[in-house]
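Report on the following structure.
The values are calculated or read from the model by the stated rules, or taken from the named source; none is laboratory data. Here the structure is a predicted model, which means the values were calculated and not measured. We place every Cβ from the backbone using ideal geometry, glycine too, and count neighbours over all the protein chains shown. For accessibility, only protein heavy atoms count, side chains too; no ligands or nucleic acids. Shrake-Rupley method; radii C 1.70, N 1.55, O 1.52, S 1.80 Å.
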Amino acid sequence: MSSSFSNTISRVVERHHGGIKVPDIDHTHGNKPTKFPIPNKVRIPMSMHMGAPCKPLVKRGDEVQVGQIIADSEALLSAPIHASVSGKVTGISVGELDAAGNKTTLIEIESDGKMTPWSEIKIPNINSRQDFIQSVRDSGVVGLGGAGFPTSVKFATDQKIEILIANGAECEPYNTSDYYTMQYRTKEMLNGLKESMKWLNIDQGIIFVEENKMSAVEEIIKLLETKSDQYPNIKVMVAPVLYPRGAEKVVIQMTTGRVVPAGKLPADVNVLVSNVTTLAEIGKFLETGVPLIDKVVTVDGQAIREPQNVLVPIGTEIYEILKFCDLDESIVESVIMGGPMMGVAVGDINSPLIKMNNAILAMTKAERGDCPATECIRCAKCVRGCPMKLSPTIMYKAIMKENLDQAKEIGVMNCIECGACSYSCPADIALVHWFRQAKSAIRTKER
Ligand code: SF4
Ligand code: SF4
């Protein structure tokens, strides 16, 4: 790539409120993933997406193959689940806890060590928009940036979509799994984007990346420029590094200047945003018929002696993955699923890896930096950092007074839980924790 930007790439000017600088820690930057050995068993949860949990389609004793559908739901908001190893179903247990502490049903498969592909895997035949949306559903793909929203449902919007944004702004420290996708699965990602644009009748595609990932940008540009006939109307936009750059509403405003109003969706401003790994999985499914069965996760943190990206079958126990990366059990204080800003603490490290996991961090006490909260000193740092233009300090005070109506009135439901306010707060108040709790309480009350 030349030093000056070509027509396919442009630098985005800052046009969004808020954001904070967080340490650019990425020990796994540029790493190709190590393949995790075939696990002896996997335990696959029925809730790996936003919406209705799936129901098992197999029973104890059944033999299954890799990529076979083992669970599905008739609910609109759902995505099917596939076996990630071949072997025998040894149990279906109800009421088990997943990594986030939610109750779920797990299908346990004992691996036969052969990884035999499902005999019914076939490349999808697509002739219409409906065929394409059905294929996206069949692939089992959900929002892999962490949201877990079933992608087929997002794509089935009735709104006219003008722009599809491939979101490669992986802005949390440590995480590099999307970076890997952009750098090494470039063709699958671009094909997923191109086919989505074609069948959803979308004129323009944008790949949004932060400027600390230029080696991935170079790979993308190389393909876009050498195969410009195959990838028309797709450009790359590069933005300065700032957290939470990858938040959907931030991405849309940065790339298009459009503002998604509170309570509205990107489709309401004629835009869709899809994570780059989500698009790569769609590209892979369209080319091979192989559904979502494994995931590249970044395994990092000071309690990990060998930080790396690892390609792991879904349903593998988190503890096994940590041991594979040489976990130092004498210093680990907590295990986080996701990044340090938005991730959740893993309650049980024997719980399984799910579709949306993109990082597992084993952190020490020093790294967590937990300090007791003190009084708010009204510095307004949280207000300046909030990408949603909220007033975290005022919302916090309303919640402390147990005035949820006021918290709602001043916008707590618009909080995207990015944690920028908590991170900036010199009084170490866990603001985002209170906002999560308040949102959940308000939803429960309204139900
Ligand atoms: S967690 Fe919510 S209130 Fe805090 S900065 Fe992010 S969006 Fe704003
Ligand atoms: S950053 Fe913390 S101390 Fe400063 S105003 Fe916000 S809540 Fe108060």
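Observations on the model:
- Residues whose amide H comes within less than 5 Å of that of A359, counting only those at least five positions distant or on another chain, are T298, G338 (H built at 1.01 Å from N in the peptide plane).
- A simple charge model with +1 on the Cβ of Lys and Arg, -1 on the Cβ of Asp and Glu and nothing else charged puts the dipole of the stretch 191-254 at about 100 debye relative to its Cα centre.
- log10 of Debye I(q)/I(0), alpha-carbon scatterers only, for the stretch 381-446 at 0.26, 0.29 Å⁻¹: -1.14, -1.39
- Net charge dipole, the chain: roughly 1000 debye, given to the nearest 20, about the Cα centre with Cβ charges of +1 for Lys and Arg and -1 for Asp and Glu.
- Each Cα pair under 8 Å and six or more residues apart adds its sequence gap; the mean of these over the residue count of the stretch 91-151 is a relative contact order of 17 percent.
- One chain, two ends: K21 and H433. Fully extended at 0.36 nm per residue, the span grows by 146.3 nm beyond their Cα-Cα distance.
- For K41, nonlocal amide neighbours, meaning residues 5 or more places apart or on other chains whose placed amide H falls under 5 Å from its own, are S111.
- For the chain: span of alpha carbons on each principal axis (Å, largest first): 63, 51, 45
- With the simple spin-label model, which puts each label point 7 Å out from Cα in the Cβ direction, the K103 to I442 separation comes to 2.7 nm.
- Absence of a disulfide-compatible partner, taken as no other cysteine beta carbon within less than 4.7 angstrom, is noted in the chain for C54, C171, C325, C371, C376, C379, C386, C415, C418, C425.
- Share of carbon and sulfur in the accessible heavy-atom surface of the chain [1.4 Å probe, %]: 50
- I314 accessible area, 1.4 Å probe, all protein chains in place, Å² to nearest 10: 10
- Scaled radius of gyration (Cα, divided by 2.2 N^0.38 Å) that the stretch 19-70 gives: 1.85
- The peptide list 81-91, 17-27, put in order of mean Cβ contacts within 10 Å with the highest first, becomes 81-91, 17-27.
- Per-selection metrics, the stretch 67-203 (Cα): Rg and Dmax in Å: 17.2, 48
- For V12, the residues 5 or more places off, or on other chains, whose built amide H falls under 5 Å of its own are V238, A239.
- Helix screen, the chain: DSSP H segments with Cα axial length of 15 Å or more and mean Kyte-Doolittle hydropathy at least 0.0 are 214-226, 276-288.
- Too-long pairs where the Cα-Cα distance tops 31 Å, listed order kept, from K32/K323; K88/K365; K160/K381; K160/K397: K88/K365; K160/K381; K160/K397
- The stretch 301-311 - phi-based ³J(HN,Hα) in whole Hz, Karplus 6.51/-1.76/1.60, Gly and Pro as x: x, 5, 8, 10, 7, 10, x, 6, 8, 10, 8
- By average C-beta atoms within 10 angstrom, highest first, the peptides 196-206, 41-51: 41-51, 196-206
- Pairwise label distance in nanometres, M214 with N125, each label 7 Å out on the Cα-Cβ vector: 4.9
- Subset of K194/K235; K103/K445; K213/K264 violating a 19 Å alpha-carbon distance limit: K103/K445; K213/K264
- Residue-averaged [θ]222 nm for the chain, counting only DSSP H segments that reach four residues, each worth -39500 (n - 2.57): -8000 deg cm²/dmol
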